[in-house]
Amino acid sequence: MEPRLLEQYKKRIRPALATSLGRKNVMSLPKLEKIVVNMGVGSAINEKKYLEEAMDVLAQITGQKPVITQARKSIAGFRLRLGMNIGCMVTLRGQRMYEFMDRLISIVLPRVRDFRGLNPMSFDGHGNYNLGLSEFLVFPELNPDKYTKSQGMNITFVTNVDSNDEAREMLRQFGMPFRAMDEKKKS
């Protein structure tokens, strides 16, 4: 069965983007390529169990086994050496990506405390959007009693366009709750 957001993209969002951007070629329209969910576990330097907990959390949230990320360089001030395990990440594509995005928009973001909308300026200049969550316990599938340490995560939405405005419009059509931009910031 096709995910709800993928069906919505094909039937409603893609035609709306074609008319708003003035394009007839479907292949030139903005499309979501992948979602990368990343957890940096700095405390894993001292306690390995925190990294195992983070991997368990990511596996439950995404339904996919996470990959361990390693330090790229040594930093003496953080007691960090090259190649140490310091985090984990999952790359979601296809149906899992749309199902994760649906749960994120409709269930998780409304559960965030003092949520006033996502920052519409958190694009990287190449059409990719970054979103940070301060704790993973906003996901309903997790049991809060099971985890000893609350941890944040970074979620990146990778698109196929280089324009931030086109990617922002596509994500807004998906239902991402962006804050209204001030007129001063637009100009």
About the Cα centre of the range 30-176, what is the dipole size in debye to 20, counting +1 per Lys and Arg Cβ and -1 per Asp and Glu Cβ, all else neutral? 440
For the chain, set up a GNM with springs between Cα atoms under 10 Å and report which of Tyr129, Tyr98, Tyr147 has the largest fluctuation. Tyr147
Helix 48-62: angle to the longest alpha-carbon principal axis of the chain, degrees 0 to 90, nearest 10? 20
With R₀ set to 41 angstrom, the calculated FRET efficiency between the beta-carbons of Ile75 and Phe174, to the nearest 0.05, is 0.60
Round to the nearest 10 and give me the degree value, 0 to 90, for the angle of helix 164-174's Cα axis relative to the longest principal axis of the chain. 90
Where Cα atoms sit under 16 Å apart: lysine pairs in the chain separated by 8 or more or lying on different chains: 8
Rounded to the nearest 10 degrees, the helix 94-103 long axis (Cα) sits at an angle to the longest Cα principal axis of the chain of 90
Using 0.36 nm per residue, how much length does the chain from Asn119 to Thr148 gain when fully extended, once their Cα-Cα distance is taken away? 7.5 nm
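Values quoted throughout were computed directly from the atomic coordinates according to the rules given, and no laboratory measurement underlies them. Here the structure is a predicted model, which means the values were calculated and not measured. Cβ sites come from the backbone with ideal geometry, for glycine too, and all protein chains shown count toward neighbours.
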